[in-house]
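Asks: Below you will find the structure I want to go over with you.
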Amino acid sequence: MSATHILLKNASQLITLAGDNHRPRTGKDMSELGIIEHGDVWISHNQITAVGKDDRSPHEADIVIDCTGKVVMPGFVDPHTHLVFAGSRENELEMKLKGHTYMEILAAGGGILSTVGKTREASKEQLINEATQRLNTMLKFGTTTVEAKSGYGLEPATELKMLEVAKELNSQHPIDIVSTFLGAHAVPGEYKSRNKEYIDSMIAMLPEIAANRLAWFCDVFCEKGAFSLEESKAILTAAKEEGLRPKIHADEIENLGGSSLAAQLNAISAEHLAVTSEEDMKAMAQAGVVGVLLPGTPYSLMMEYANARKFIDMGVPVALATDLNPNCWTESMQFIISLACYQMKMTPAEAIVASTINAAHAIDRAGEIGSIEIGKKADIIILDVPNYQHIPYHFGVNHVETVIKDGVIVKGAE
Ligand code: NIG
Ligand code: FE
């Protein structure tokens, strides 16, 4: 439903996350939610125009939503997803339960490579349809911006197809989609043991991707069995020269030095980070690299979680994301927030900062989204909970009642 002026009235907790938007939150600031009790928000067109109390009479609003007893907060930002893919891999759950590791399944042609086969075969229309279903679920669960990586093509034509699909989805779906080029997700079968040639073919794609704004960031899966530290450095350095800021899948299973490389290259983020060392954390903190933690992945792999407490203590800005992909299939940031608290010992306040303003920093969008402040985009959710602690505490359900995206009510309050 669209309206020119919307008033969200009397939220029991209005979680503004207002503050310095120039850098991501670290340490104690990760607990600052900027809560206003009995707070109002005015929205005009697609922007937030007043926060807290305002002199205007409710009669000036086209729509008034009574938020008594509810939490109002910024829409979730999901800064690490593999949104566009074909098919599914439920067969791997039983393999994992029998003790086969993620990298064993990949080495046998399963995992990422099995999704590559299906994604190469899929038409753009099929990819759009499948991803739209996931986006619809994400929106219902309160996510208003997602990052989306390519990486199931592993050949120029299909990598471009994925990036074009993401661009198309961005224009036709309410959710904003920020693309990342992940041509170096795995070495495809036809390039087996010819990593250098494969990497060169991906580096050759960078100018076209950058020129056509098909991606903002470039990512690499830096892992034994995927890409080495040197290979990762070569790709990310070339990307940087083309104006694509580096991101990196680092320290998911083994520590090859990927997170320190992120610091060295001034990457915007390093992601996964289950086995990151204290030295790496120090380097990340100094360089201001956002640590994007993905607790859904160790949940689905039945492995160790990242040491979130240590990251926060060391001054690394922490963000959270779903890592939505066929190995770890969840659209719900609420589930991720719950895992972050119960499994990684983040506090509910830290997990909310990590899913909103710090997540926005991880994709370089903190100037527009991630908090409820005058001038920011009206991406706001209303949750049917009395306080924010309920979000992780009462898990496995969807607390989001209303979603306002770009000033338009896209779910609820009809
Ligand atoms: O971030 N680990 C590497 N890439 C993805 C998973 C991709 C897949 O298994 O399809 C991740 O977890
Ligand atoms: Fe990933």
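Asks: From the list LEU236, LEU169, LEU182, LEU244, pick out the single residue that is more than 22 Å from ILE268 (Cα to Cα) and surrounded by 19 or more Cβ atoms within 10 Å (Cβ to Cβ).
Replies: Exactly one of LEU236, LEU169, LEU182, LEU244 is more than 22 Å from ILE268 (Cα to Cα) and surrounded by 19 or more Cβ atoms within 10 Å (Cβ to Cβ), namely LEU169.
Asks: With respect to LEU106, is the statement that it is surrounded by fewer than 24 Cβ atoms within 10 Å (Cβ to Cβ) and farther than 16 Å from TRP329 by Cβ true?
Replies: yes
Asks: Please verify whether VAL290 is farther than 28 Å from ASN136 by Cβ and either touching a Cys at 6+ places or on another chain (Cβ under 7 Å) or among the aliphatic types (A, V, I, L, M) (or both), treating the condition exactly as stated.
Replies: Here the answer is no, as VAL290 does not meet what is asked.
A quick yes/no check of all residues on (1) without any contact (Cβ under 8 Å) to a residue 24 or more places away in the chain; (2) over 16 Å from GLY183 (Cβ atoms); (3) of a type in the set (A, V, I, L, M, F, W, C):
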{"residue": "TRP216", "(1), (2), (3)": "no, no, yes"}
{"residue": "GLU223", "(1), (2), (3)": "no, no, no"}
{"residue": "ALA226", "(1), (2), (3)": "no, no, yes"}
{"residue": "LEU229", "(1), (2), (3)": "no, yes, yes"}
{"residue": "ALA234", "(1), (2), (3)": "no, no, yes"}
{"residue": "THR237", "(1), (2), (3)": "no, no, no"}
{"residue": "GLU242", "(1), (2), (3)": "no, no, no"}
{"residue": "ARG245", "(1), (2), (3)": "no, no, no"}
{"residue": "HIS249", "(1), (2), (3)": "no, no, no"}
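Asks: Related question: Test THR347 against the stated conditions and say whether it is in contact (Cβ under 8 Å) with a residue 40 or more places away in the chain, within 13 Å of ligand 2 (Cβ to nearest atom) and not charged (D, E, K, R).
Replies: no
Asks: Just give me the residues in the range 312-330 being buried (at least 23 other Cβ atoms within 10 Å of the Cβ), more than 16 Å from ligand 1 (Cβ to nearest atom) and either in a helix (DSSP H, G or I) or at positive phi (or both), in sequence order.
Replies: Across the range 312-330, the qualifying residue is only ILE312.
Asks: Among ARG89, ARG120, which is the only one that is under 22 Å from GLY225 (Cβ atoms), more than 16 Å from ligand 2 (Cβ to nearest atom) and either among the basic types (Lys, Arg) or open to solvent by less than 30 Å² (accessible area, probe 1.4 Å) (or both)?
Replies: ARG120
Asks: Looking at this structure, is THR119 among the β-branched types (Val, Ile, Thr) and under 30 Å from ALA340 (Cα atoms)?
Replies: Here the answer is no, as THR119 does not meet what is asked.
Asks: May I pose another question? Search the range 133-166 for residues being outside any loop (DSSP other than H, G, I, E, B) and within 15 Å of ligand 2 (Cβ to nearest atom), and hand back the single one that is surrounded by the most Cβ atoms within 10 Å (Cβ to Cβ).
Replies: Looking at the filtered set, the residue picked out is VAL146.
Asks: Yes or no: the range 350-359 includes at least one residue that is surrounded by fewer than 24 Cβ atoms within 10 Å (Cβ to Cβ) and modelled with pLDDT of 95 or more.
Replies: no
Asks: Shifting gears a bit: Please enumerate the residues belonging to the range 269-311 that are away from ligand 2 (no atom under 16 Å from the Cβ) and either within 16 Å of CYS328 (Cα to Cα) or among the hydrophobic types (A, V, I, L, M, F, W, C) (or both).
Replies: Matches in the range 269-311: MET281, ALA283, MET284, ALA285, ALA287, VAL289, MET302, GLU304, ALA308, PHE311.
Asks: Further question: Just to be sure I understand, how many residues within the range 85-129 are among the β-branched types (Val, Ile, Thr), closer than 22 Å to TYR299 by Cα and more than 13 Å from ligand 1 (Cβ to nearest atom)?
Replies: 0
Asks: When you go through ILE112, ILE128 one by one, which is the residue that is crowded, with 18+ Cβ neighbours inside 10 Å, modelled with pLDDT of 95 or more and farther than 14 Å from ALA186 by Cα?
Replies: ILE128
Asks: Which one of these is modelled with pLDDT of 95 or more, open to solvent by less than 10 Å² (accessible area, probe 1.4 Å), touching a helix residue (DSSP H, G or I) at 6+ places or on another chain (Cβ under 8 Å) and in a loop (DSSP other than H, G, I, E, B): GLY370, GLY396?
Replies: Going through GLY370, GLY396 in turn, the sole match is GLY370.
Asks: Cβ-Cβ under 6 Å, sequence separation 6+ or interchain: first residue in the range 172-193 and closer than 13 Å to GLU155 by Cα, partner polar (S, T, N, Q). Which pairs?
Replies: Close Cβ pairs satisfying both conditions: PHE181/SER150; LEU182/SER150; VAL187/ASN195.
The values are calculated or read from the model by the stated rules, or taken from the named source; none is laboratory data. Quick caveat: nothing in here was measured; it's all calculated off a predicted structure. All Cβ positions, glycine included, derive from the backbone under ideal geometry; neighbour counts span all protein chains shown. Surface accessibility is based on the protein's heavy atoms, side chains included, excluding ligands, DNA and RNA. Shrake-Rupley method; radii C 1.70, N 1.55, O 1.52, S 1.80 Å.
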